[in-house]
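The structure appears below as C-alpha cells.
The values are calculated or read from the model by the stated rules, or taken from the named source; none is laboratory data. On a predicted model such as this, the values are computed, not experimentally measured, just so you know. When we count neighbours, we look across all protein chains shown, and the Cβ atoms used for this are built from the backbone with ideal geometry, even at glycine. Remember, those area values only see protein heavy atoms, side chains included, never the ligands or the DNA or RNA. Shrake-Rupley method; radii C 1.70, N 1.55, O 1.52, S 1.80 Å.
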Amino acid sequence: MKTVLTVNGGSSSLKCALFAQQKDGLKCRFIFKLSNILGDARCKISDADGQLVEKAPLDLSTTFRDNRHQAALQHVLSWIETHVSNSELIAFGHRVVHGGEQFSNPVRVNSQLLMALEQYVPLAPLHQPYNLKLIRACQILEPSLPQIACFDTMFHVGQPKIERSYALPRRFTDDGVHRYGFHGLSYEFIQRQLASANTGRLNTVVCHLGAGASMCAVKDGQSIASSMGFTAVDGLPMGSRCGSIDPGVLIYLARHYNMDLDALEQLINKESGLLGVSGISADMLELHQADHPHAEEAIDMFAYRIALELGRLSATLEGLQQLVFTGGIGENDANLRQRVLERSRWLGIQADNAANDRGDALISTDNSDVIVRVIPTNEEAMISIHVEEVLNG
C-alpha cells in the first residue's frame with residue numbers, strides 16, 4: 001500500500017496525516033496531533049473517522065535533543081512502521097505558510113527552493129522557520145523520498161493590484177512590501193467543495209476562524225481580497241494575535257514603554273487577541289465557559305470585527321451571494337456564528353437559528369438573499385491532492 005504523509009508544523013506543534021493510494025485517489029488513514037513538543041509533549045492519534053487510536057505523553061528528550069521537531073516527526077514515522085505494516089511511504093507533502101509571489105503552485109523541494117523560502121521567515125515567524133525545519137528533518141530521516149511544498153499564499157496570487165498594494169512609496173511596494181493573504185490551502189479546499197455543490201461561481205466570503213483567523217472574498221472561484229496582509233498578524237483579532245492595529249500604536253509603545261522590536265513582536269503575536277482582551281485564555285471554548293465580562297468582551301469584539309470585515313469584503317465583490325464558516329471556531333461555535341449573522345442582517349442574510357444551533361451544513365433560510373454554509377475544512381486533504389497532482393506530472 002503506497003502512502004503519503006502530510007506535514008504541518010508550528011512553533012510547538014506538529015500535525016501529520018497518512019494517506020493511502022486507492023483507485024479513486026488518496027484516502028486518509030490516520031491523523032497525528034503532537035502538542036507542546038518543546039516541553040511536556042503529547043501525541044494523539046486518530047483514524048480517518050476521528051476515532052481515538054492512541055493518546056499518551058511523548059518523551060522527546062532522548063533523541064535529537066537539539067531538534068524536537070525532528071524527534072516528533074521520527075515518532076510519527078516509527079509509529080507508522082510499527083502499526084501500518086503494509087505501508088510504503090512514497091512522498092511527503094508540506095504546508096509552507098509563505099511562498100510570496102514567487103510560488104503560485106505546489107513544487108518539489110530542492111536546495112534552491114529552501115534558499116528562496118528562507119527570505120520569507122521574517123514575514124511568518126510563527127510558522128515559516130518550523131515549516132523549513134521539518135522539510136530538512138524529512139531530508140535527514142527519509143533522504144530518498146520526494147517532498148512537495150504547498151503554500152498558504154498561493155491561492156491569493158493574482159489578486160488585483162489595488163487590493164495588494166499599501167499606500168507606501170513605490171520602491172517599497174516594488175520590493176515586495178504588500179498584502180499576501182494566508183490560509184490559502186483551507187480556502188482552496190472550501191472552493192473545491194463549493195464547486196462540487198455547483199455554487200463555486202457565486203460571490204462568496206469564506207471565514208476561516210480558529211486560533212489563526214482570516215476571511216477571503218472569492219469571485220468566479222478566484223481570491224480577490226483577504227483580511228490578512230503582509231504578515232499573518234493583520235486583519236481579525238485571533239487567539240493571541242492582535243489583528244489590524246494603527247501603526248502609530250506600535251511607535252507609541254516603543255517610545256513610551258521602551259519596547260524594542262522583539263518585545264513588540266512578542267506582544268502582537270503571542271500576548272494579544274482573545275488572550276490579551278480577556279486576560280483569561282486564547283481558547284474560545286474556555287472564554288464561553290469563563291462567565292467573566294472580559295471574556296464576553298473578547299468574544300463580542302471578535303464577532304464585531306468579523307462582521308466589519310464581511311462588509312468590506314462584500315464591497316470588493318460588489319455584492320454578497322454566499323457566506324461560508326470554516327475552521328475550528330467557524331465549524332463548531334454556533335454562538336459566535338449567530339453573533340456575526342445578527343450584525344450582518346443588513347446584507348440580506350436571514351439565518352435559520354435552529355439549523356445554526358444544530359450545526360447543519362446550511363444555516364440560512366429559503367428567503368435569505370445570501371446562502372450561509374458551514375463546511376469543515378481539510379488542509380491535509382488539500383495537501384495530499386497537490387502531492388498526487390505533482391507526482392503524476
*Mind checking which residues of region 132-154 are touching a helix residue (DSSP H, G or I) at 6+ places or on another chain (Cβ under 8 Å), of a type outside the set (A, V, I, L, M) and part of a helix (DSSP H, G or I)?*
LYS133, ARG136, CYS138
*Can you tell me which residue within region 289-344, out of those that are part of a helix (DSSP H, G or I) and of a type in the set (Ser, Thr, Tyr), is nearest to LEU209 (Cα to Cα)?*
TYR304
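Determine if region 225-233 includes at least one residue that is over 17 Å from the mean Cα position of the chain (by Cα) and not aromatic (Phe, Trp, Tyr).
No, every residue in region 225-233 fails to be over 17 Å from the mean Cα position of the chain (by Cα) and not aromatic (Phe, Trp, Tyr).
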*Which numbered condition trips up ILE80, out of (1) in contact (Cβ under 8 Å) with a residue 40 or more places away in the chain; (2) farther than 17 Å from MET382 by Cβ; (3) open to solvent by 40 Å² or more (accessible area, probe 1.4 Å); (4) among the aliphatic types (A, V, I, L, M)?*
(3)
*Residue that is surrounded by the most Cβ atoms within 10 Å (Cβ to Cβ) [pool: residues in region 284-324 that are of a type in the set (Gly, Ala, Ser) and farther than 17 Å from ARG241 by Cα]*: SER314
_Checking the conditions here, which among PRO169, PRO143 is farther than 24 Å from GLU389 by Cβ, open to solvent by 40 Å² or more (accessible area, probe 1.4 Å), out of contact with any Lys or Arg (no Cβ under 7 Å at 6 or more places or on another chain) and not aromatic (Phe, Trp, Tyr)?_
PRO169
_Cross-chain or 6+ apart pairs with Cβ under 7 Å, region 292-311 first and in contact (Cβ under 8 Å) with a residue 12 or more places away in the chain, then surrounded by fewer than 14 Cβ atoms within 10 Å (Cβ to Cβ)_ = HIS294/GLY279
*When you look at PHE189, is it open to solvent by less than 20 Å² (accessible area, probe 1.4 Å), within 30 Å of VAL109 (Cβ to Cβ) and touching a Ser or Thr at 6+ places or on another chain (Cβ under 9 Å), yes or no?*
no
*Return the residue satisfying two criteria in turn: it lies in region 336-393 and is buried (at least 16 other Cβ atoms within 10 Å of the Cβ) and of a type in the set (Lys, Arg), and of such residues it is farthest from the chain's Cα centre (by Cα).*
ARG343
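Residue check: is TYR257 more than 30 Å from VAL96 (Cβ to Cβ), surrounded by fewer than 14 Cβ atoms within 10 Å (Cβ to Cβ) and of a type in the set (Phe, Trp, Tyr)?
Yes.
Taking the stated definitions as given, is GLY158 in contact with a Ser or Thr (Cβ under 9 Å, 6 or more places away or on another chain) and open to solvent by less than 20 Å² (accessible area, probe 1.4 Å)?
Judged against the criteria, GLY158 is not a match.
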*Can we say ALA195 is in a helix (DSSP H, G or I), among the small types (Gly, Ala, Ser) and either out of contact with any strand residue (DSSP E or B) (no Cβ under 7 Å at 6 or more places or on another chain) or open to solvent by 10 Å² or more (accessible area, probe 1.4 Å) (or both)?*
yes
*Report the residue count in region 172-186 for those that are part of a loop (DSSP other than H, G, I, E, B), of a type outside the set (Ser, Thr, Tyr) and buried (at least 24 other Cβ atoms within 10 Å of the Cβ).*
3
*Filter result (in contact (Cβ under 8 Å) with a residue 40 or more places away in the chain, open to solvent by less than 60 Å² (accessible area, probe 1.4 Å) and more than 18 Å from HIS178 (Cβ to Cβ)) within region 98-128*: PRO106, VAL107, VAL109, PRO125, LEU126, HIS127
*Answer yes if at least one residue in region 254-268 is under 21 Å from HIS208 (Cα atoms) and touching a residue at least 60 places away in the same chain (Cβ under 8 Å), and no otherwise.*
no
*Identity of the residue in region 267-283, in contact with a Lys or Arg (Cβ under 7 Å, 6 or more places away or on another chain) and not polar (S, T, N, Q), that ends up most open to solvent (accessible area, probe 1.4 Å)*: ILE268
*Return only the number of the condition from (1) within 20 Å of ILE299 (Cα to Cα); (2) out of contact with any Leu (no Cβ under 6 Å at 6 or more places or on another chain) that ASP260 does not satisfy.*
(1)
*Name every residue in region 213-227 that is among the small types (Gly, Ala, Ser), more than 24 Å from VAL121 (Cα to Cα) and buried (at least 16 other Cβ atoms within 10 Å of the Cβ), in order of residue number.*
ALA217
*Going by the structure shown, is ASP24 within 23 Å of ALA381 (Cα to Cα), acidic (Asp, Glu) and out of contact with any Cys (no Cβ under 8 Å at 6 or more places or on another chain)?*
yes
*Given the structure, is HIS208 open to solvent by 10 Å² or more (accessible area, probe 1.4 Å) and out of contact with any Lys or Arg (no Cβ under 8 Å at 6 or more places or on another chain)?*
yes
